[in-house]
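The values are calculated or read from the model by the stated rules, or taken from the named source; none is laboratory data. As the structure is a prediction and not an experimental result, all values here were calculated from the model. With ideal geometry, Cβ positions are generated from the backbone for all residues, glycine too; neighbour counts draw on all protein chains shown. Areas reflect the complete protein model, heavy atoms only, side chains present, ligands, DNA and RNA absent. Shrake-Rupley method; radii C 1.70, N 1.55, O 1.52, S 1.80 Å.
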Amino acid sequence: MLLHKNIIAGFIGSYTDNESEGIYRFNLNTDSGEIEELHLAYKIDNPTYLCLDKENHIIYSSCKINKKCGVASFKYYKETNNLHLINYNLSEDKQPCHVSIDSNNSLLLSSNYHENKMIVYNTLCGIILNYPFIDKHSGSSINPERQEKPHIHCSIMTNDNKYIISVDLGIDKLIISEIQNNKLIQRNDLNISFPGGTGPRHITYCKSKPFYYVLSELTSEVFAFKYNPDSDIILENIQTISNLSEDYEGNKSGAAIHIHNNDKFLYTSDRGTNSLNLFYIDSNTGLLKYINSFDCGGDSPRDFRIDPSGKYIICANEKSNNLSVFSINQSNGDLALLNSFTAPSPTCIVFD
């Protein structure tokens, strides 16, 4: 398969309890915004979240294999649709809900919502090595149905690879750790507490500025932080803003949060309103301004991604089994729905 310069490869993670069979690959035409092909790239159970090492053409995935769960790695090539298994590491009874890779492509972070585990694996050319670091949280919060115990939802390395940040929906906390003398140390003096019932879910950051943003699931709010790595407060909360319009009073369910390549537009998704939401980022202060909400083009926008060209958002609507494609107005960030494409139980999207 010969890919032209206007074709970008994307991969879809999914739940496999319905029609999905694993990880899918698609091609996005950045001239037209059309999704031109959809192929099963690798058959595997519940690859619900993916991350990419683009430099080495490696995909990491959560997974379930023979009733055990953990993480797997695959080699991919732009010219072929299939993924090639490198290895897997299975140590859990339920699959992780999030995986991420550090900027050096040497550490893989796995977050397990159900089992209260944040696992850090060393990697070597895509091989997920044994003897990982394992961290657990403690506590609970005020929502008896969702916060009866810790539920680690997302873990990432800071952009300077100094700290590990884990957001825990179950205990309303952001836990900060670091690796010292080959040990994973939880820095309780640096942890951040959210108001009871917030349910922090995902975190992202600007590439060019020291600003981090956490999206909550239960209250659908965005918390803005300034990153001060050499301070006693390394994440300073500078703003809390609703993810939805001020007059909305219905069900809230924040899902995904991503920043445009230009570091000017921040987008979120909410499954309570089936919406994608646009904020402007003040480049000097990091403060957000809510601009508008857009219908997601489906049901339950669990994840979305901005393509590498910065021209499109692809939204994964889990319950309606479709990808919706939006064009991005490059001057003001507004979204316009272009088309929709069938995909079974999509839960995550990544681009090469």
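Would you check which residues across region 135-156 are in contact (Cβ under 8 Å) with a residue 24 or more places away in the chain, more than 21 Å from SER91 (Cα to Cα) and surrounded by fewer than 19 Cβ atoms within 10 Å (Cβ to Cβ) and list them?
The answer is GLY139, SER140, ILE142, ASN143, ARG146.
Looking for something free of Cβ contacts under 8 Å to residues at least 60 places away in the same chain, among the hydrophobic types (A, V, I, L, M, F, W, C) and closer than 20 Å to HIS153 by Cβ - is there at least one such residue anywhere in region 208-219?
Looking for residues that are free of Cβ contacts under 8 Å to residues at least 60 places away in the same chain, among the hydrophobic types (A, V, I, L, M, F, W, C) and closer than 20 Å to HIS153 by Cβ, one finds at least one in region 208-219, hence yes.
Filter region 48-89 down to the residues that are of a type in the set (Lys, Arg) and more than 22 Å from the chain's Cα centre (by Cα), then identify the one that is farthest from THR204 (Cα to Cα). Outline the logic, then answer.
Taking region 48-89 as the starting set, the residues that turn out to be of a type in the set (Lys, Arg) are 54, 64, 67-68, 75, 78.
Cutting the leftovers down to more than 22 Å from the chain's Cα centre (by Cα) gives us 67-68, 78.
Numbers: LYS67: 32, LYS68: 29, LYS78: 27 Å.
Here the residue is LYS67.
Would you be able to say whether some residue in region 35-49 is assigned to a loop (DSSP other than H, G, I, E, B), closer than 20 Å to ARG302 by Cα and open to solvent by 30 Å² or more (accessible area, probe 1.4 Å)?
Taking every residue of region 35-49 in turn, none turns out to be assigned to a loop (DSSP other than H, G, I, E, B), closer than 20 Å to ARG302 by Cα and open to solvent by 30 Å² or more (accessible area, probe 1.4 Å).
Do the conditions hold for ILE165, that is, is it more than 22 Å from the chain's Cα centre (by Cα), in contact (Cβ under 8 Å) with a residue 40 or more places away in the chain, assigned to a strand (DSSP E or B) and over 27 Å from ASP295 (Cβ atoms)? Full working, then the answer.
Working: more than 22 Å from the chain's Cα centre (by Cα): no; in contact (Cβ under 8 Å) with a residue 40 or more places away in the chain: yes; assigned to a strand (DSSP E or B): yes; over 27 Å from ASP295 (Cβ atoms): yes.
Considered against the rule, which asks whether it is more than 22 Å from the chain's Cα centre (by Cα), in contact (Cβ under 8 Å) with a residue 40 or more places away in the chain, assigned to a strand (DSSP E or B) and over 27 Å from ASP295 (Cβ atoms), ILE165 comes out as no.
Quick one: SER32 ticks every box in (1) in a strand (DSSP E or B); (2) surrounded by fewer than 23 Cβ atoms within 10 Å (Cβ to Cβ) except a single one, so which number is it?
Only one criterion in (1) in a strand (DSSP E or B); (2) surrounded by fewer than 23 Cβ atoms within 10 Å (Cβ to Cβ) is unmet by SER32, namely (1).
Quick check on region 144-160. Is at least one of its residues under 15 Å from PRO96 (Cα atoms), in a loop (DSSP other than H, G, I, E, B) and aliphatic (A, V, I, L, M)?
There is no residue in region 144-160 that is under 15 Å from PRO96 (Cα atoms), in a loop (DSSP other than H, G, I, E, B) and aliphatic (A, V, I, L, M).
Looking only at region 186-236, how many residues end up being of a type in the set (A, V, I, L, M), more than 16 Å from the chain's Cα centre (by Cα) and either closer than 26 Å to GLU148 by Cβ or open to solvent by less than 60 Å² (accessible area, probe 1.4 Å) (or both)? Lay out the reasoning, then the answer.
Taking region 186-236 as the starting set, the residues that turn out to be of a type in the set (A, V, I, L, M) are 190, 192, 203, 214-215, 218, 222, 224, 233-235.
Filter once more, keeping what is more than 16 Å from the chain's Cα centre (by Cα): 190, 192, 218, 224, 233-235.
Then keep just the ones that are either closer than 26 Å to GLU148 by Cβ or open to solvent by less than 60 Å² (accessible area, probe 1.4 Å) (or both); that gives 190, 192, 218, 224, 234-235.
Summing the residues that are of a type in the set (A, V, I, L, M), more than 16 Å from the chain's Cα centre (by Cα) and either closer than 26 Å to GLU148 by Cβ or open to solvent by less than 60 Å² (accessible area, probe 1.4 Å) (or both) in region 186-236 gives 6.
Using the structure shown, decide if GLU55 is part of a strand (DSSP E or B) and farther than 17 Å from GLU92 by Cβ.
no
Using the structure shown, decide if LYS149 is modelled with pLDDT of 95 or more and touching a strand residue (DSSP E or B) at 6+ places or on another chain (Cβ under 9 Å).
Answer is no for this residue.
Could you list, in sequence order, all residues of region 58-91 that are in contact with a Lys or Arg (Cβ under 7 Å, 6 or more places away or on another chain), farther than 17 Å from ILE12 by Cβ and not aliphatic (A, V, I, L, M)?
The answer is CYS69, HIS84.
Would you point out which residue out of ILE281, ILE349, ILE291 is among the aliphatic types (A, V, I, L, M) and under 17 Å from the mean Cα position of the chain (by Cα)?
ILE349
Those residues that are part of a loop (DSSP other than H, G, I, E, B) and farther than 30 Å from SER242 by Cβ, I need them from region 168-186; list them, please. Give the steps one after another, and end with the answer.
If we filter region 168-186 for residues that are part of a loop (DSSP other than H, G, I, E, B), which is where we start, we get 169-172, 181-182.
The answer is ASN181, ASN182.
From the list ASN122, ASN159, pick out the single residue that is in contact (Cβ under 8 Å) with a residue 24 or more places away in the chain and at negative phi.
Just a single option satisfies the conditions, and that option is ASN159.
With the checklist (1) closer than 27 Å to ARG305 by Cα; (2) of a type in the set (D, E, K, R); (3) modelled with pLDDT under 95 in hand, flag the one item ASP168 doesn't pass.
(3)
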